[in-house]
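Working notes, structure below.
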Ligand SMILES: Nc1ncnc2c1ncn2[C@@H]1O[C@H](COP(=O)(O)OP(=O)(O)O)[C@@H](O)[C@H]1O
Ligand SMILES: O=C(CO)[C@H](O)[C@H](O)COP(=O)(O)O
């Protein structure tokens, strides 16, 4: 009987499961939407019970679709967004919400309630900040924990576990509360290269209580991805998922990092070995992550990391990112007056809204090479949810120019295109910053929901000048999760072995024409000038305040 491995991926909008064979081919897949609450501006919350239920249902459906016997499933890997889960001492959900509802027990990664706590931490210039790009983000966990301590004393007093969402999932699956090196290094300031929490940091920021009893609330044991947890799936979790108790479960990983595992090491069409200095993994979902790895730590201001062994053992990860990309595209189109009509039309024709907009753009441009030029006079600064990299400023906001008194579908299509182009220019900015610090990136290994969109992919190639390599398996996060399952089950000894056996490059998209390159050089100049102008307006208004 053939063996299969399951990857579970919890993104911001849904929980997904995929069943893979040892060649990395997906034979079954399912997904479930998850709830999201926005009780006030900058607050974004979820429920761990709701997410766990969605995960179990997705796994069951994926195994049914694969039409295999659960005994053939030999290993699982979980990845998820880096959201903060809070449970009481018995492991029950504990509210983190002004609503007081216990089911709202997750502060989602994109939540910006802890901006002032992050500012306070940054003012201390502690050495751990050197390992997060020089500036801690309110999207990381220690500012959020500080917010909880200051604003929700009851929750603080009753909390038994603070988990990164990926570690919550493996704890729920195995009853083993070992944390992953990926989450703790990337989001919790764990000093992976020294294998310890930095007590002076927690003392200085006022969270020293979290290190009591061997840091039991935030992570007593930290292990690398691929190591097996506990005794595998517990009886309870196995019956919830329709699997066999004892099935191997790997230490978890963050979603974008799983996408990196699923793509970065893929051998080229010619079978070339991956050159990590020239490659970056781009995981374009609700947000975009830009992941590059190197043997030596590279300290790059405004780019998260260097993170020790956060994707591959003994490699250092530099993680650029944009906090709102898919979320921004969706926001721009959904707030246009034509959205509902166009969506209804698209649905009748069996298309997505993105396909409808892409068709309209192709019609407006005449030739595919002319699409990029449609927005000559429309420019967007895409910082609607701050800038994660390389400006590392969560307080920045967005700007649009070139607006008209128009409410046509064509007008909506232009705003949509200008948004994609602005996001692609943000990626160019991140790559340029990384290339100034030792990388020589000219190749993007692209995955995530955004890469289902051919215009998103083409405009990223055009704006950056890089080749976009799309993996044969588009569900790279699920594949990364399944790879972890193979290593935990002992089928592969190392990730490089699993990566070369299970991931391959499918399609390559290159920049279109030299004329488009010059056009984008000018748009990139506008992009920077819009930022300068934005800062100028801020200063003017502050002077008057
Ligand atoms: N079929 C599609 N065509 C074009 N874009 C898509 C499609 N599906 C999803 N997207 C884009 O991908 C984003 C979601 O990415 P996804 O990886 O599914 O999300 P997450 O992991 O954050 O839950 C959406 O916001 C949307 O912009
Ligand atoms: O912070 C992150 C990775 O370090 C991600 O942005 C976060 O996990 C959200 O992922 P997605 O956009 O796929 O929902």
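Out of 296, 349, 345, which single residue is farther than 23 Å from residue 262 by Cβ, more than 12 Å from ligand 1 (Cβ to nearest atom) and touching a strand residue (DSSP E or B) at 6+ places or on another chain (Cβ under 8 Å)?
296
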- [ ] Inspect segment 147-154 for any residue being in the same structural domain as residue 181 (by TED's automatic domain parsing), at pLDDT 95 or above, closer than 30 Å to residue 482 by Cβ and crowded, with 20+ Cβ neighbours inside 10 Å and give the result as yes or no.
- [x] no
- [ ] Select, from 416, 439, the only residue that is in contact (Cβ under 8 Å) with a residue 24 or more places away in the chain and away from ligand 1 (no atom under 16 Å from the Cβ).
- [x] 439
Task: Options 467, 463, 501, 488; residue that is more than 16 Å from ligand 1 (Cβ to nearest atom), over 16 Å from the mean Cα position of the chain (by Cα) and under 20 Å from residue 254 (Cα atoms) - done: 488
Open item on the list: Condition first: touching a residue at least 12 places away in the same chain (Cβ under 8 Å), touching a helix residue (DSSP H, G or I) at 6+ places or on another chain (Cβ under 6 Å) and outside any strand (DSSP E or B). Can you find one or more residues in segment 106-115 that meet it?
Closed with: yes
Task: Candidates 289, 262, filtered to the one that is within 13 Å of ligand 2 (Cβ to nearest atom), buried (at least 18 other Cβ atoms within 10 Å of the Cβ) and modelled with pLDDT under 95 - done: 262
- [ ] Mind telling me which of the residues 328, 317, 360, 374 ends up being more than 15 Å from ligand 2 (Cβ to nearest atom), crowded, with 18+ Cβ neighbours inside 10 Å and in contact (Cβ under 8 Å) with a residue 40 or more places away in the chain?
- [x] 360
- [ ] Among the residues of segment 399-413, write down those that are within 17 Å of residue 382 (Cα to Cα), in contact (Cβ under 8 Å) with a residue 60 or more places away in the chain and either crowded, with 18+ Cβ neighbours inside 10 Å or out of contact with any helix residue (DSSP H, G or I) (no Cβ under 6 Å at 6 or more places or on another chain) (or both).
- [x] 401, 412
- [ ] Could you name every one of the strands (runs of 3 or more DSSP E) located completely within segment 1-83 that has at least 3 residues being within 16 Å of ligand 2 (Cβ to nearest atom), closer than 29 Å to residue 319 by Cβ and in contact (Cβ under 8 Å) with a residue 60 or more places away in the chain?
- [x] 4-10, 14-20, 73-80
TODO: Report the residue count in segment 15-41 for those that are over 19 Å from residue 163 (Cα atoms) and surrounded by fewer than 16 Cβ atoms within 10 Å (Cβ to Cβ).
DONE: 7
TODO: Look at residue 301 and say whether it is in contact (Cβ under 8 Å) with a residue 60 or more places away in the chain, surrounded by fewer than 16 Cβ atoms within 10 Å (Cβ to Cβ) and either within 16 Å of ligand 2 (Cβ to nearest atom) or closer than 23 Å to residue 254 by Cα (or both).
DONE: yes
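Picking from 60, 113, which residue would you name as being within 25 Å of residue 325 (Cβ to Cβ), away from ligand 1 (no atom under 16 Å from the Cβ) and surrounded by 17 or more Cβ atoms within 10 Å (Cβ to Cβ)?
Unique residue meeting the criteria: 113.
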TODO: Take segment 206-232 and flag every residue that is in a loop (DSSP other than H, G, I, E, B) and either under 28 Å from the mean Cα position of the chain (by Cα) or modelled with pLDDT under 95 (or both).
DONE: 207, 216, 217, 218, 219, 220, 221, 224, 225, 226, 227, 229
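For every residue, the table says whether it meets (1) part of a loop (DSSP other than H, G, I, E, B); (2) out of contact with any strand residue (DSSP E or B) (no Cβ under 8 Å at 6 or more places or on another chain); (3) buried (at least 19 other Cβ atoms within 10 Å of the Cβ); (4) modelled with pLDDT of 95 or more.
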position	(1), (2), (3), (4)
101	yes, yes, no, yes
120	no, yes, no, yes
125	yes, yes, no, yes
129	no, yes, no, yes
138	yes, yes, yes, yes
144	no, no, yes, yes
156	no, yes, no, yes
163	no, no, yes, yes
Open item on the list: With the structure loaded, tell me whether residue 31 is over 23 Å from residue 188 (Cα atoms) and in contact with a strand residue (DSSP E or B) (Cβ under 7 Å, 6 or more places away or on another chain) or whether it fails that test.
Closed with: yes
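The values are calculated or read from the model by the stated rules, or taken from the named source; none is laboratory data. Remember, predicted model here, so these are calculated numbers, not experimental data. Heads up, the Cβs are rebuilt from the backbone with ideal geometry, glycines too, and the neighbour counts pull from every protein chain shown.
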